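Chemist: Below you will find the structure I want to go over with you.
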Amino acid sequence: MSSAPSPRKLGPLQVILLAIPCVAVLIVPFFNRMEPSLFGVPFFYWWQILWVPLSSIFIAIVYRMTVPRGSGD
């Protein structure tokens, strides 16, 4: 029985990629405004909603970079 390869540690690039969505939703003074609105939704709300799928993309990229293929995780 062979052991599965273990995930690699996070490097600086992976940490930065994971920090981008966190910082993007925590800098409230940047997006605390009404305009520009999108389909009548104020900027404040659609900025936060936009980062839900974007965060998933960033997490998937880091996952692919750290977990080896075929490890079963």
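The values are calculated or read from the model by the stated rules, or taken from the named source; none is laboratory data. None of the values given here were measured: they were computed from a predicted structure. Heads up, the Cβs are rebuilt from the backbone with ideal geometry, glycines too, and the neighbour counts pull from every protein chain shown.
Chemist: Looking only at the stretch 9-29, count how many residues are outside any helix (DSSP H, G or I) and either over 21 Å from Met65 (Cβ atoms) or at pLDDT 90 or above (or both).
Modeler: The total comes to 1.
Chemist: Next up: Being more than 22 Å from Ala19 (Cβ to Cβ) and in a helix (DSSP H, G or I) is the filter here, so list the residues in the stretch 30-45 that pass it.
Modeler: Result: Phe43, Tyr45.
Chemist: Would you be able to tell me the number of residues in the stretch 14-69 that are more than 19 Å from the chain's Cα centre (by Cα) and touching a residue at least 24 places away in the same chain (Cβ under 8 Å)?
Modeler: Qualifying residue count for the region: 1.
Chemist: Residue check, Ser6 against (1) part of a helix (DSSP H, G or I); (2) loosely packed, with under 12 Cβ neighbours inside 10 Å; (3) not aromatic (Phe, Trp, Tyr), all met but one. Which one?
Modeler: In the conditions (1) part of a helix (DSSP H, G or I); (2) loosely packed, with under 12 Cβ neighbours inside 10 Å; (3) not aromatic (Phe, Trp, Tyr), Ser6 misses (1) alone.
Chemist: How many residues are exposed (fewer than 13 other Cβ atoms within 10 Å of the Cβ) and either touching a strand residue (DSSP E or B) at 6+ places or on another chain (Cβ under 8 Å) or part of a helix (DSSP H, G or I) (or both) if we restrict to the stretch 49-70?
Modeler: 8
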